[in-house]
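A short worksheet on the structure shown next.
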Amino acid sequence: MKDQIYQIQIVLRGSKPKIWRRILIPSDFPLYDLHEVIQISMGWKNSHLHQFEKDNTYYILKTEGDVFWDERNKIDYKGLKVSDLLTKKNDKITYQYDFGDRWEHDIFLEELVEVDPKIIYPFCVDGKMSCPPEDCGGIHGYNEIMAILKNPEHKYYENYKDWLDEDFDPEYFNKDEVNKKLHD
């Protein structure tokens, strides 16, 4: 399994149109590195807590003094690999980012592919749509903002126009930019 490459798809749950990325990673990739790849490829800023979930078990980096550790089925994922959670084609895990906004991502193991010596892993193969801005109220808040921005007559139109980065384009995605960030 060491020389196996996973083709995974990361989908931001509830996004319409669908916001997604297709990434190639080694099967023995550390789970923490997958967290970093999700952050970079989706466009998040890594400024909030996160966790993985599979079969009602939560995989979290345990921190010293975590008073809520025993409240749920939690496992410290330090030392775990992606192949510990995704073992066969069509397996799925969930990645949650920002427990306030609750950005939930479904991660699917689409294919097991052979190593290509010309590719530096991780590698973004494809994707669609821009990442929502941080701290906008989760997918429901983001959808509301996008609806308001379609109506210049809306009373909050100017507020959201000012709040968003002026370069923000919800349809923008560039895999070459993602790959550059993944390899910097």
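Counting pairs of alpha carbon atoms under 8 Å apart in space and at least six apart in sequence, what relative contact order in percent does the chain give?
On the way: 314 pairs, mean separation 51.3, N = 184.
That works out to 28 percent.
What's the longest bit of the chain with no exposed trypsin sites (Lys or Arg not before Pro), using DSSP loop states and at most 16 other Cβ atoms within 10 Å as the test?
Numbers: sites that count: Lys2, Arg13, Lys18, Lys45, Lys62, Arg72, Lys78, Lys88, Lys89, Arg102, Lys118, Lys150, Lys155.
Between the exposed loop sites, the longest stretch runs 119-149.
Take Lys128 and Asp106, extend 7 Å from each Cα along the Cα→Cβ direction, and tell me the distance between the two endpoints in nm.
So the two model labels end up 1.4 nm from each other.
Quick one: which of 121-127, 94-100, 38-44 comes out on top by average Cβ neighbours within 10 Å, and what's the full order, highest first? Display every interim value, and only then the final one.
Details: 121-127: 18.9, 94-100: 16.9, 38-44: 21.3.
With the highest mean Cβ count within 10 Å placed first, the list reads 38-44, 121-127, 94-100.
Just the number: Rg to Rh for the chain, Cα atoms, Kirkwood Rh, two decimals.
Values: Rg = 17.5 Å, Rh = 17.6 Å.
Checking Rg against Rh, the ratio lands at 1.00.
Can you pull the Kirkwood radius for segment 14-101, inverse mean 1/r over Cα pairs, to one decimal in Å?
Numbers: mean 1/r = 0.0705 Å⁻¹.
14.2 Å is the Kirkwood radius here.
With n ≥ 4 as the cut-off for DSSP H runs, can you work out [θ] at 222 nm for the chain, using -39500 (n - 2.57) per run divided by the number of residues, rounded to the nearest 500?
-6500 deg cm²/dmol
Bear in mind that the values in this text are calculations on the coordinates, not laboratory data. Bear in mind that the values here come from a model prediction, so they are computed numbers and not experimental data. Note that each Cβ is placed from the backbone with ideal geometry, even for glycine, and that neighbours are counted across all protein chains shown.
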